[in-house]
């Protein structure tokens, strides 16, 4: 399953070159993965209320072209897999001309809020996520 999120580059997100500052993409991908999970009926708020947090373990990105002020970006998010306490996401960002601007991935870890130790996700969550990934954890 590929989930789509659209964002517009705001003026405050650009640098002196007129490009969307590269560091903003981490925040854009956070919005995209939160919305992807929401489409599956899973919210970060509910996970946190249930005592589960999802810190980022790994973030990688490769840039091909810049994004500019006021461009609408389309981020395609894919939940690659859930393996043990980890969930793997991939992203592709496109501009209004459908040009690929970058590709990225993140690995997040399910962590118990109280103990701060990795945990396996609840079985009902694994079931929901496996439908999106077509894989078993």
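Yes or no: residue 63 on the phi < 0 side of the Ramachandran plot, touching a helix residue (DSSP H, G or I) at 6+ places or on another chain (Cβ under 6 Å) and either modelled with pLDDT of 95 or more or surrounded by 14 or more Cβ atoms within 10 Å (Cβ to Cβ) (or both)? Answer is no for this residue. Residue 43 meets all of the listed conditions (1) at pLDDT 95 or above; (2) within 22 Å of residue 129 (Cα to Cα) but one, namely (1). For the range 32-52, filtering for residues that are touching a strand residue (DSSP E or B) at 6+ places or on another chain (Cβ under 6 Å) and surrounded by 15 or more Cβ atoms within 10 Å (Cβ to Cβ) leaves 4.
Quick grid of which residues meet (1) closer than 24 Å to residue 16 by Cα; (2) part of a strand (DSSP E or B):
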| position | (1), (2) |
| --- | --- |
| 41 | no, no |
| 45 | no, no |
| 57 | no, yes |
| 76 | no, yes |
| 81 | no, yes |
| 90 | no, yes |
| 97 | yes, no |
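If the condition is being part of a strand (DSSP E or B) and loosely packed, with under 14 Cβ neighbours inside 10 Å, then the range 99-111 contributes only 100.
Across the range 120-128, a minimum of one residue is classified as part of a helix (DSSP H, G or I) and under 19 Å from residue 2 (Cβ atoms). Filtering the range 1-36 to residues that are within 25 Å of residue 128 (Cβ to Cβ), part of a helix (DSSP H, G or I) and touching a helix residue (DSSP H, G or I) at 6+ places or on another chain (Cβ under 7 Å) leaves only 34.
The values are calculated or read from the model by the stated rules, or taken from the named source; none is laboratory data. If you're wondering where the values come from, they're calculated on a predicted model, not measured in any experiment. Cβ coordinates were reconstructed from backbone atoms using ideal geometry, including for glycine residues, and neighbour counts include every protein chain displayed.
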